[in-house]
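Notes follow once the structure below has been shown.
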Amino acid sequence: MSNPGTPTFEQLRVFLAVVDSGSFAGAARKLNRAVSVITYGVANLEAQLGLELFERKGTRKPQLTAAGRAVLAEARGLAEGIEGLRAKVKALHDGLEAEVDMAVDVMLPTERLGKVLRAFAEAFPTVSLRLHVEALGAVTAAVLDHKAMIGISGPLATGVRGVECIAAGSVSMVPVAAPHHPLGRMERIAPGDARDHVQLVLTDRSPFTAGRDFFVHSPRTWRLADLGVKHALLREGIGWGNMPLPLIRPDLASGALLRLSMPDHRGGIYRFGGIWRRDTPPGPAAAWLLNQFVTLGAADIEEAGLSDI
């Protein structure tokens, strides 16, 4: 038989039920069918494929033939794919999004992001996620431009026209430098000393905040569009800069970076907000994501003595 037929989904279900239950009677119970229906379904599938899938002679229970074992993996993959399709279609009928586009601020602790997204994958297995990691105003710009359905933005989203914002926690930003940097070697940093050294500054990828500076205290700056690169350059002693405390805690513990005690710049609180367009409220999955960040953010403990950025 050079051109096998196309089996139906029901035939594949029957075949897999026999394999999983170990008998035709077990498959009948599992699918709530008569044994004769199961036997007939398997016979039809074998006729369609032109293969004998089970050894029926000399054994009380049907055993897969070599051909049956070869077909099994493909049959299971097809069945799972169809079940996944049906689940996704049902979710769409129930109002659940097929995909969620989300933009998050690069300052958001990665441990928190991972925890929320792991729970999201379990709660919404049929919903695809597209994640954008941006800095400063680029998160708000992504939401305004419909590139992201929701966002976890920094404080720049507050008061933006057309954007709804709900508090979603905060992170402490602190000035740091490598121990071999001139500021790192000082026993006491006097007011204004930091102005004599290069400050590494994170810049915005979008035009949303073009021409505006945030948390810049030195006239000598290097502008970087990537927080990971900024982190690496700080460790190399190329300059000093502000970093989210959760990210550089291991560096402070190991001595790779030092927290600078600067009388005129102690750091600040960088607040997060869950955002969405006012004319495009989030669906069930996106709203669930926002709520997770809001709930976790409510437990954030702010360092005393630091003001808002």
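The values are calculated or read from the model by the stated rules, or taken from the named source; none is laboratory data. In this text the structure is predicted, and so the values were computed from the model without any measurement. Reconstructed Cβ throughout: ideal geometry from the backbone, glycine too, with neighbour counts over all protein chains shown.
Can you name the condition, by its number, that ARG118 falls short on among (1) under 24 Å from ARG278 (Cβ atoms); (2) modelled with pLDDT of 95 or more; (3) not aromatic (Phe, Trp, Tyr)?
Single failed check for ARG118: (1).
Take the residues of segment 231-253 that are within 19 Å of PRO109 (Cα to Cα) and of a type in the set (A, V, I, L, M, F, W, C): which is surrounded by the fewest Cβ atoms within 10 Å (Cβ to Cβ)?
ALA253
Which count do you get for residues in segment 229-260 that are of a type in the set (S, T, N, Q) and over 9 Å from VAL176 (Cβ atoms)?
Count: 1.
Taking the conditions exactly as written (at pLDDT 90 or above and surrounded by fewer than 20 Cβ atoms within 10 Å (Cβ to Cβ)), does GLU99 satisfy them or not?
yes
Take segment 250-268 and flag every residue that is more than 15 Å from GLY239 (Cβ to Cβ) and in contact with a strand residue (DSSP E or B) (Cβ under 7 Å, 6 or more places away or on another chain).
Hits for segment 250-268 are LEU252, ARG259, GLY267, GLY268.
Output the qualifying pairs, or none if there are none: Cβ atoms under 7 angstrom, residues six or more apart or on different chains, first residue in segment 62-84 and of a type in the set (Gly, Ala, Ser), second residue surrounded by 14 or more Cβ atoms within 10 Å (Cβ to Cβ) and assigned to a helix (DSSP H, G or I).
Matching pairs, first to second residue: ALA75/LEU12; ALA75/PHE15; ALA75/LEU16; ALA79/LEU12; ALA79/ARG13; ALA79/LEU16.
Within segment 52-96, track down each residue that is loosely packed, with under 14 Cβ neighbours inside 10 Å, assigned to a helix (DSSP H, G or I) and either at pLDDT below 80 or in contact with a His (Cβ under 8 Å, 6 or more places away or on another chain) (or both).
The answer is GLU80, GLY81, ILE82, GLU83, GLY84, LEU85, ARG86, ALA87, VAL89, LYS90, LEU92, HIS93.
Right, PRO109: of a type outside the set (S, T, N, Q) and in contact with a His (Cβ under 8 Å, 6 or more places away or on another chain) or not?
no
What pairs can you find where one residue is in segment 263-284 and in contact (Cβ under 8 Å) with a residue 24 or more places away in the chain, the other is of a type in the set (D, E, K, R) and in a strand (DSSP E or B), and their Cβ atoms are less than 6 Å apart, with a gap of 6+ or different chains?
What qualifies is ILE269/ASP308; TRP276/GLU164; ARG278/GLU164.
State yes or no: is PRO246 under 25 Å from ALA138 (Cα atoms), touching a strand residue (DSSP E or B) at 6+ places or on another chain (Cβ under 9 Å) and assigned to a loop (DSSP other than H, G, I, E, B)?
no
Among all residue pairs at least 6 apart or on different chains, which show Cβ distances below 8 Å where the first residue, located in segment 228-256, is in contact (Cβ under 8 Å) with a residue 60 or more places away in the chain and the second is part of a strand (DSSP E or B) and surrounded by fewer than 17 Cβ atoms within 10 Å (Cβ to Cβ)?
GLY239/TRP222
Out of all the residues in segment 285-303, is one or more outside any helix (DSSP H, G or I) and within 25 Å of ASP196 (Cβ to Cβ)?
Taking every residue of segment 285-303 in turn, none turns out to be outside any helix (DSSP H, G or I) and within 25 Å of ASP196 (Cβ to Cβ).
For GLY114, which of the numbered conditions (1) under 19 Å from the mean Cα position of the chain (by Cα); (2) assigned to a strand (DSSP E or B); (3) under 30 Å from GLY305 (Cα atoms) fails to hold?
(2)
Evaluate segment 275-298: report whether one residue or more is under 27 Å from ALA177 (Cβ atoms) and buried (at least 16 other Cβ atoms within 10 Å of the Cβ).
no
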